[in-house]
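Notes to accompany the following structure.
The values are calculated or read from the model by the stated rules, or taken from the named source; none is laboratory data. Being a predicted model, the structure only gives us computed values, none of them experimental. Cβ coordinates were reconstructed from backbone atoms using ideal geometry, including for glycine residues, and neighbour counts include every protein chain displayed.
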Amino acid sequence: FATTRRRRPSEDVDYYEDEHERERARRRDSQRRRRQEEEELARRLLREFEEEEEKIIDTASATAMEALHVPAVGEAREQDCAVCLDELFDDGGGGGMKKKLRMMPCSHSFHERCIFRWLRLNRRCPTCRFEIAASGTGQRRRRFYRDLQLMQTLVANSPD
């Protein structure tokens with residue numbers, strides 16, 4: 001017959017304390033792994049977003065393009081369109097208009113067709129880099145980027 005030894009009450013307490021400590025250690029390890037996974041996910045999302053951000057072009061809004069000033073004859077300072085490098089005027093001297101012009105808020109003038117095509121790709125003046133109002137794409141992108149950084153901060157500062 002096998003004899004079963006009866007444990008003393010102090011052994012039971014030690015056993016349960018050890019088991020409780022092992023369970024707490026498992027929970028801490030699990031929380032640490034989860035936090036590391038969340039941080040890695042946030043880093044990967046941020047990296048992917050930054051890669052995508054480079055591909056997205058911050059274009060000018062259609063409203064801002066249509067609001068560009070149409071200069072009067074003789075108002076344009078430039079002789080040539082900085083986009084197509086063609087003359088802005090018939091005689092090259094600021095006389096008659098060759099094509100319809102648009103003037104940026106920075107006072108640089110361009111052929112309307114040229115500057116509209118340019119602003120669909122880039123919202124900065126091709127001559128001086130002055131920025132006009134952005135389309136919603138850039139604003140949504142900045143808001144998403146801000147939210148992503150907030151998420152990363154929250155994950156990094158989450159309690160154990």
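Evaluate the following for THR63: is it closer than 22 Å to LEU148 by Cβ, modelled with pLDDT under 85 and of a type in the set (S, T, N, Q)?
No: the conditions fail for THR63.
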Residue under question is ARG146, and the condition is that it be among the basic types (Lys, Arg), touching an Asp or Glu at 6+ places or on another chain (Cβ under 9 Å) and modelled with pLDDT under 90; does it hold? no
Considering residues that are more than 20 Å from ARG44 (Cα to Cα) and modelled with pLDDT of 65 or more, the number found within the range 132-143 is 3
Among the residues of the range 68-85, write down those that are among the hydrophobic types (A, V, I, L, M, F, W, C) and within 10 Å of SER109 (Cβ to Cβ). LEU68, VAL70, ALA76, CYS81, ALA82
When you check ARG35 against the structure, is it closer than 27 Å to PHE144 by Cα and at pLDDT 85 or above, yes or no? yes
Residues of the range 112-135 that turn out to be assigned to a strand (DSSP E or B) and crowded, with 20+ Cβ neighbours inside 10 Å, as a count: 0
Given (1) at pLDDT 70 or above; (2) among the hydrophobic types (A, V, I, L, M, F, W, C); (3) surrounded by 11 or more Cβ atoms within 10 Å (Cβ to Cβ), where does ILE57 come up short, assuming only one miss? (1)
